[in-house]
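Here's the structure we're looking at; comments come further down.
The values are calculated or read from the model by the stated rules, or taken from the named source; none is laboratory data. Since the structure is predicted, the reported quantities are computational estimates derived from the model, not experimental observations. All Cβ positions, even for glycine, are placed from backbone atoms using ideal geometry, and neighbour counts span all protein chains on display. SASA here: full protein model, heavy atoms, side chains in, ligands and nucleic acids out. Shrake-Rupley method; radii C 1.70, N 1.55, O 1.52, S 1.80 Å.
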Amino acid sequence: MNDGSVYSHFQFTTHIGAMMDEDKFDGPTSNLFTHYNLFPRSIGQILHSFEVEELHLTFTQGRWQYDDWGYPLAPSAGTGVELWAWLNDDKQQTNANWKGLTNTLSGLFCASLNFIDDTISIEPKMSFRNEGLYNVHSAYDATNANSTSEKTPRKLRYGSLPHENVCTENLTPWIKLLPCKSKAGIASLLKSHKLFDSRFYSMAVHVRPVCEDELCRIKSLELIQTITAVFDVARRDGSYDWTLSGLFQRGITQACPLASTSDLIVHLPQTIEHPNQYELSPLPAQGVHTIGSGDDKQEIAVYDLKKVLGGEPFQLSLRWENSRPKSVRSISPGFTAHRYFTGFGQERGGLAIEIYNNNLEDTEAILLDTLPWYLKLFLHTFNVEVNGKPLENQKDIVKKMFYQQAVDRSRPAVLELALNLPAQSKIKFTVSFDKVFLKYTEHPPDANRGFDVGYAVVTVPLPRQQGQIGYGGLDHLRIYQERDASLVQGHGDGDADGKDKVRLYTETLLVSLPTPDFSMPYNVITLTCTVIALFFGSMFNLMMRNFVVEEPKKTTTTGKKKKTE
């Protein structure tokens, strides 16, 4: 990246099934989870027990900087934990299965997923569409897919925890799901001390049914595990040079023997004006591959670890002239989104969302925003501005709206919009809200810090030639890893005109609610306890003490009187 950061992406794909035809495939209720080989049994039992058709769980530390880094290879998420799943609703037990799923995943990954209850769980109507049974290897069109999926009713559940911290105790159970753990293969580079020292860290688990043939007659279940990290290599000495062992403080000595393919792909920097600014060592045996031309030109170096590893740690490095690049192609993402609070005071406030469309054509998008129940939205204050000017007819931008009113202590407020974003424009949405007075027992221990409000999600179609990380596409991953990388980006939502649906996550916010003076209850409790102690002690002393009357003792004197003369 042009700011001196190094983007690393780990991806592990495991399949189970591939023996069922279209008539016998019934998702989690089938005999798919009778026998296990490479597929982790803990995930299979969870899918089978709670009838999960599709599962997406992401742990994120930091925020992906779209303006500086472009778009990630794998779909990122906002800060904290994001969980969404499609559940089988044939027995109408979706709520019970969702609660059991969150509690079980909470124990498996040592996270606070059990706090995803009804107060923060939603069912989006337009966002987060199912990604199963669609991939680049299938000619299975959306019409047939929707017709077959109607046989079994499915429900979508979504929840997030923006304040959840990600640490080693979440990474350890994630690594245990891999066939070779961290003993061999590229997973041996996963060292928690280096991963959590990065500028951005994201860990995800994606499970979905996929097609094994072009007509989608044979289906299987696919588990994709991804880890994304952005390292600031220039933080210490200002040098942009990096080595594989220096980034992770570990080396790869052998490929995972259970893996069918084990490749290391280097997406080389796209330099301009000075083409030979860096040196990659060692060069791959088959040379550097060039894909595309002009502004879409990409250079890819691919290393087959099963061939290059011979018992010694694999050494890979990239060094620049004078340790710094002279010119690197700038990143200009087509879409960006930001969100912030407006207003002041402890009673009222406002919410503003800004979406930038830098493309030369109008684009359809979907905006999903979820607010906790203690922020009471006033929908009549909803306003739309285009390039700083109020819009008289909001239907020109907002084609469809879904609004779910919040219920105190029961469900959040949901605002979902189907938008038409004009070309090269800035669209701003504003809405006002009131802040609810909470009970003193509903405040967290750090009440004066404030309450975390989750991110908004904008789903937009991204032309594949613009690609990820600003300009690269997934084509190089499709070529060298085939199906292994094609489903992470969500090609189930891909359009026929060569576009992929990409989700943009805004910032998480911190709202300050009316907070009582918690020192006063402490003073009251102290004074009350003192008075009660004095009163109780005195009364208890009077009631329990025995009063006994004692007679004074008689004194006797003995002896002879002295004789006086």
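Give me the pairs, please: first residue somewhere in region 70-81 and under 20 Å from ASN357 (Cα atoms), second residue anywhere and among the aliphatic types (A, V, I, L, M) and surrounded by fewer than 22 Cβ atoms within 10 Å (Cβ to Cβ), beta-carbon distance under 6 Å, and either six or more positions apart or on two chains.
GLY70/ILE331; GLY70/ILE469
Filter region 527-565 down to residues that are surrounded by fewer than 10 Cβ atoms within 10 Å (Cβ to Cβ) and among the hydroxyl-bearing types (Ser, Thr, Tyr) and give me whichever is modelled with the lowest pLDDT.
THR564
Report, by residue number, each residue of region 288-344 that is closer than 27 Å to ALA77 by Cα, in a strand (DSSP E or B) and of a type in the set (S, T, N, Q).
GLN298, THR336, THR342
At pLDDT below 75, assigned to a strand (DSSP E or B), open to solvent by less than 50 Å² (accessible area, probe 1.4 Å) and of a type in the set (Asp, Glu): is that true of ASP484 in this structure?
Numbers: at pLDDT below 75: yes; assigned to a strand (DSSP E or B): no; open to solvent by less than 50 Å² (accessible area, probe 1.4 Å): yes; of a type in the set (Asp, Glu): yes.
It is false that ASP484 is at pLDDT below 75, assigned to a strand (DSSP E or B), open to solvent by less than 50 Å² (accessible area, probe 1.4 Å) and of a type in the set (Asp, Glu).
Mind checking which pairs have a first residue in region 233-254 that is farther than 30 Å from ALA184 by Cβ and a second that is part of a loop (DSSP other than H, G, I, E, B) and open to solvent by 40 Å² or more (accessible area, probe 1.4 Å), Cβ under 7 Å, 6 or more apart or different chains?
Sorted first by the residue in region 233-254, then by its partner, the pairs are TYR240/ARG324.
How many residues does region 96-109 hold that are assigned to a helix (DSSP H, G or I) and touching a residue at least 12 places away in the same chain (Cβ under 8 Å)?
9
If I filter region 347-386 down to residues being among the polar types (S, T, N, Q), open to solvent by 20 Å² or more (accessible area, probe 1.4 Å) and in a strand (DSSP E or B), which single residue comes out as nearest to ILE397 (Cα to Cα)?
Going through the qualifying residues, I end up with ASN383.
Residues of region 52-90 being touching a helix residue (DSSP H, G or I) at 6+ places or on another chain (Cβ under 9 Å), farther than 24 Å from ASP500 by Cα and part of a loop (DSSP other than H, G, I, E, B), which ones?
ASP89, ASP90
Between SER317, SER323, SER327, which is in contact with a His (Cβ under 7 Å, 6 or more places away or on another chain), more than 15 Å from LEU419 (Cβ to Cβ), assigned by TED's automatic domain parsing to the domain that holds THR119 and of a type in the set (S, T, N, Q)?
SER327
Return the only residue of VAL436, VAL458 being farther than 16 Å from ILE366 by Cα and either in contact (Cβ under 8 Å) with a residue 24 or more places away in the chain or surrounded by 13 or more Cβ atoms within 10 Å (Cβ to Cβ) (or both).
Checking each option against the conditions leaves just VAL436.
Output the residues belonging to region 214-233 that are in a loop (DSSP other than H, G, I, E, B), more than 24 Å from THR79 (Cβ to Cβ) and hydrophobic (A, V, I, L, M, F, W, C).
Selection gives LEU215, CYS216, ILE218.
Give me a count of the residues in region 408-425 that are open to solvent by 60 Å² or more (accessible area, probe 1.4 Å) and either at pLDDT 95 or above or assigned to a loop (DSSP other than H, G, I, E, B) (or both).
3
Could you count how many residues in region 199-213 are over 18 Å from GLN11 (Cα atoms) and either part of a strand (DSSP E or B) or modelled with pLDDT of 90 or more (or both)?
Number of matching residues: 2.
Of the residues SER262, SER323, SER281, which single one is open to solvent by less than 20 Å² (accessible area, probe 1.4 Å) and within 30 Å of LYS191 (Cα to Cα)?
The match here is SER262.
Provide a single number: the residues in region 500-525 that are surrounded by 10 or more Cβ atoms within 10 Å (Cβ to Cβ), in a helix (DSSP H, G or I) and either at pLDDT 85 or above or not aromatic (Phe, Trp, Tyr) (or both).
Here is the first cut: in region 500-525, the residues surrounded by 10 or more Cβ atoms within 10 Å (Cβ to Cβ) are 500-516, 518, 521-525.
Those still in the list that are in a helix (DSSP H, G or I) too: 521-525.
Among the residues that remain, those that are also either at pLDDT 85 or above or not aromatic (Phe, Trp, Tyr) (or both) are: 521, 523-525.
So the answer is 4.
Of everything in region 225-242 that's within 12 Å of SER198 (Cα to Cα) and surrounded by fewer than 17 Cβ atoms within 10 Å (Cβ to Cβ), which residue is modelled with the lowest pLDDT?
It comes out as ARG235.
What number of residues in region 239-287 are closer than 20 Å to LYS326 by Cβ and either of a type in the set (Ser, Thr, Tyr) or in a loop (DSSP other than H, G, I, E, B) (or both)?
15
Among the residues of region 393-407, which ones are out of contact with any Lys or Arg (no Cβ under 8 Å at 6 or more places or on another chain) and assigned to a strand (DSSP E or B)? Walk me through how you get there before you give the answer.
Start the filter on region 393-407 by keeping residues that are out of contact with any Lys or Arg (no Cβ under 8 Å at 6 or more places or on another chain), which leaves 393-401, 403, 405, 407.
Listed by number, the residues that qualify are VAL398, LYS399, LYS400, MET401, TYR403, VAL407.
Could you tell me which of the residues LEU221, LEU195 is open to solvent by less than 40 Å² (accessible area, probe 1.4 Å) and over 20 Å from SER260 (Cβ atoms)?
Residue meeting the stated conditions: LEU195.
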